[in-house]
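These notes are about the structure you will find just below.
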Amino acid sequence: MTALGAAGLLPFVFSAGAMWFTPSAVALEVAQSVVIFVSVYGAVIAAYLAGANAGARLAPHREQAGWFTPGQLLLLIAFFAALPIKAIFSIPLVAELRLAIIAFVLIMLCVLDLRAIRKNTLPQWYGTLRLGLTMIASTCLLLVSLRIILWGSP
Amino acid sequence: MNDTTSNTMPQQGLPQSAAVLAYAAALPPIIAALLIWLRPAELGAQTTQLMLIYGGALIAFFGGVRWGIAVMRPGGPTFASLTGGIIPLVMSFPIFLLEDNFTRFLIIIIALPLLLWDDLRATRRGSGAPDWYLGVRAPLTILMMVSFLAAFAHLLT
């Protein structure tokens, strides 16, 4: 499970690395694609984690059901943050803000899971893993965002 | 608390809220499919983008649900059950990254019923979501499939 979680982190880490090694080692055109890729990847992971939160509440053999609306609302926020400009209902946000919103959604999804752990709805070991993965993923997203801010434009 | 007791709350408390949320989640593809057919010139291309991204997010979400159920398995998750949760996530990536709408629609149209079928199997084995979830999920998948097929048919015309 830890290996699978760590594998899921790789795109975040590589994206942040690529952005901070631009233009010395990575071409600017590549960096522009990285920004699009990491925002989409972050939103997909947010959708996945919202699903995982709902799934844990649906699982058989569990003792307490819960309300899974907050996770779905967070998923909607991430969805609109990652929606490309060419799509209908897309929100005209700058890339650095989109990334910050997705980082926020990942953190809030982790908070939801940690609350579920406190109520014994999710196992303790899952919280330790989730906390570590979320910290790294959201830090990488914020590092990409910071790099764009320092550049002035993506 | 035995299994009978533990299952009481989900059966009584969740289905109505889950059903409302689930059917609300089906609205965007239904509306999008209608827009693609009714206003193709002005809104067709933009609505197709929204629909495809939404379909990809749904597939990732359903993968997450499987992951969440696997995590809660008594005795901890198995590698196979976790992998079963990751496959839909991996399937969703091309939908976000590809430019070709034909392939993107095709992935969604294949993945949605496939995931439903596999979830039904897991429920029958007792290792999946409860019956009521699939009672909501099955008609929901059919509704969404009709929407995606309608939009796909427009793409082919």
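On inspection, B:PHE96 fails the criterion of being within 8 Å of chain A (Cβ to nearest Cβ), in contact (Cβ under 8 Å) with a residue 40 or more places away in the chain and in contact with a Pro (Cβ under 7 Å, 6 or more places away or on another chain).
Taken together, B:ALA70, B:ALA129, B:ALA111 contain a single residue that is crowded, with 22+ Cβ neighbours inside 10 Å and assigned to a helix (DSSP H, G or I), which is B:ALA70. The condition of being part of a helix (DSSP H, G or I), without any contact (Cβ under 8 Å) to a residue 12 or more places away in the chain and either over 20 Å from A:PHE79 (Cα atoms) or in contact with a Gly (Cβ under 7 Å, 6 or more places away or on another chain) (or both) holds for only one of A:LEU129, A:LEU109, A:LEU150, that being A:LEU150. Considering each residue of region A:96-106 in turn, at least one proves to be part of a helix (DSSP H, G or I) and surrounded by fewer than 17 Cβ atoms within 10 Å (Cβ to Cβ).
Filter region B:17-67 down to residues that are crowded, with 16+ Cβ neighbours inside 10 Å, within 20 Å of A:ALA47 (Cβ to Cβ), more than 12 Å from the chain's Cα centre (by Cα) and small (Gly, Ala, Ser), then give me how many there are. Residues in region B:17-67 being crowded, with 16+ Cβ neighbours inside 10 Å, within 20 Å of A:ALA47 (Cβ to Cβ), more than 12 Å from the chain's Cα centre (by Cα) and small (Gly, Ala, Ser): 2 in total.
Does any residue of region B:103-123 turn out to be of a type in the set (D, E, K, R) and at pLDDT 95 or above? The answer is yes, given that some residue of region B:103-123 is of a type in the set (D, E, K, R) and at pLDDT 95 or above. Here B:GLY56, B:GLY76, B:GLY68 are screened, and the one residue that is in contact with a Phe, Trp or Tyr (Cβ under 9 Å, 6 or more places away or on another chain), closer than 23 Å to B:ASP118 by Cβ and modelled with pLDDT of 85 or more is B:GLY56.
Every condition in (1) touching a residue at least 12 places away in the same chain (Cβ under 8 Å); (2) in a helix (DSSP H, G or I); (3) out of contact with any Leu (no Cβ under 6 Å at 6 or more places or on another chain); (4) within 13 Å of chain A (Cβ to nearest Cβ) is met by B:ARG104 except one, and the failing one is (3).
Among the residues of region A:77-86, is any at pLDDT below 80, more than 24 Å from A:CYS140 (Cβ to Cβ), within 7 Å of another protein chain (Cβ to nearest Cβ) and part of a loop (DSSP other than H, G, I, E, B)? There is at least one residue in region A:77-86 that is at pLDDT below 80, more than 24 Å from A:CYS140 (Cβ to Cβ), within 7 Å of another protein chain (Cβ to nearest Cβ) and part of a loop (DSSP other than H, G, I, E, B).
Comparison of B:ILE86, B:ILE59 shows that the only residue that is over 26 Å from A:ALA87 (Cβ atoms), of a type in the set (Val, Ile, Thr), in a helix (DSSP H, G or I) and at the interface with chain A (Cβ under 9 Å from one of its Cβ atoms) is B:ILE86. Testing B:LEU120 on (1) out of contact with any Leu (no Cβ under 7 Å at 6 or more places or on another chain); (2) in contact (Cβ under 8 Å) with a residue 12 or more places away in the chain; (3) surrounded by fewer than 19 Cβ atoms within 10 Å (Cβ to Cβ); (4) more than 10 Å from chain A (Cβ to nearest Cβ), one condition comes back false. Which one is that? Looking at each condition in turn, B:LEU120 falls short on (1).
Each residue in region B:123-135 was checked for being in contact (Cβ under 8 Å) with a residue 40 or more places away in the chain and within 21 Å of B:GLY76 (Cα to Cα), and 4 pass.
The values are calculated or read from the model by the stated rules, or taken from the named source; none is laboratory data. What you see is a predicted model; the values in this text were computed from it and never measured. Don't worry about glycine lacking a Cβ; one is built from the backbone with ideal geometry, like all the others, and counts go over all protein chains shown.
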